[in-house]
Amino acid sequence: MAVNRGVGETQLSAAPPFSIYRTMRLIETFAVHGVVLVGGLFFAFPFYWLIITSLKTDAQLFIWPPALVPSPIEWTHYGDALEAVPLVRYFFNSLYLAVLNVLGVLFSCSIVAYAFARYRAPGSRVLFAVLLATMMLPAHVTMIPLFLVFRALDWVDTLRPLWVPAFLGNAFFIFLLRQFFMSLPQELFDAARIDGCSEFGQYWRIMLPLSKPALTTVAIFQFQFTWNDFLGPLIYINSQDKKPLALGLQDFYKTQATVEWQQLMAASVMMVLPVVLLFFFLQRYFIEGIALTGLKG
């Protein structure tokens, strides 16, 4: 019995004491999560304010202090917004432009990035450097020359200037995809070449399926930019039935004697919601694509 008691005492004394280092790590973890939570609430508050403003009555709109929870809730502003301006038409115009732009950049940028990642032709590094240099050129510098080109093509007041350039490539997306493509093992393409797979087959059957995170990242970026683009449609679109949603929201200022803020906020919620849902469902691929891009240069 004495021996057993001694063994038990030895085991208890051998148990490690509670570490100060472990306590500090726990405090650090809680602090980091607290800062992230506060930052998330800070950035989500404008979207929350947009929603509650679209649900307020006229009496609640300008009271002080502002009501953070509308009571009663007015859902009729969404129906009124749809009747005030042709939001459905604007929505489909924006969707049409977003889909074409996403398809355009995915095809053009991926195939150019594949060439830069897999071929070592003479002068390819110089061409890639020139491509990257175009990213330093502000869009406002090319705005007037592009307008003159599209006017010469008789494309003004059409949707073509807003989606055709997407099929001609984008320097940032080409760089993004090229960095991701270079991280894929060369042995996969060597094996496919030995099996008789063509260059386009390697691009289509190997490169693209393995690059879903990077392609999803490009698609989200381009969809968001096209969906929120206001300056491009403002320059090229004159007809009412060709306006996208971002440009059509200004009709709430033009068609009404006084601005109906609840209707404007309701229309803004309907505009923001597709982008939020897109990121919500594709965030895993988006974060993975950002994390993996640029591992190999």
How many residues, within the range 69-90, are among the hydrophobic types (A, V, I, L, M, F, W, C), open to solvent by less than 70 Å² (accessible area, probe 1.4 Å) and closer than 26 Å to Trp163 by Cα?
-> 2
Restricted to the range 208-224 and to residues being free of Cβ contacts under 8 Å to residues at least 60 places away in the same chain and of a type outside the set (A, V, I, L, M), the residue nearest to Gln283 (Cα to Cα) is Phe221
Residues of the range 211-244 satisfying the condition of being assigned to a helix (DSSP H, G or I), over 21 Å from Leu278 (Cα atoms) and open to solvent by 30 Å² or more (accessible area, probe 1.4 Å) | Leu231, Leu234, Ile235, Gln240, Asp241, Lys242
Return a yes/no flag: does the range 30-37 have any residue that is open to solvent by 100 Å² or more (accessible area, probe 1.4 Å), modelled with pLDDT of 55 or more, out of contact with any Ser or Thr (no Cβ under 8 Å at 6 or more places or on another chain) and over 30 Å from Val276 (Cα atoms).
-> no
Does Tyr114 count as out of contact with any His (no Cβ under 7 Å at 6 or more places or on another chain) and open to solvent by less than 40 Å² (accessible area, probe 1.4 Å)?
-> yes
Within the range 43-68, which residues are assigned to a helix (DSSP H, G or I), exposed (fewer than 11 other Cβ atoms within 10 Å of the Cβ) and among the hydrophobic types (A, V, I, L, M, F, W, C)?
-> Phe43, Ala44, Ala59
Restricting attention to the range 187-207, which residues are touching a residue at least 60 places away in the same chain (Cβ under 8 Å) and either surrounded by fewer than 18 Cβ atoms within 10 Å (Cβ to Cβ) or not in a helix (DSSP H, G or I) (or both)?
-> Phe189
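The values are calculated or read from the model by the stated rules, or taken from the named source; none is laboratory data. Small disclaimer: the values here were computed from a predicted structure and weren't measured. Virtual Cβ from ideal backbone geometry, glycine too; neighbours counted across all protein chains shown. These accessible areas exclude ligands, DNA and RNA; they are computed on the full protein's heavy atoms, side chains included. Shrake-Rupley method; radii C 1.70, N 1.55, O 1.52, S 1.80 Å.
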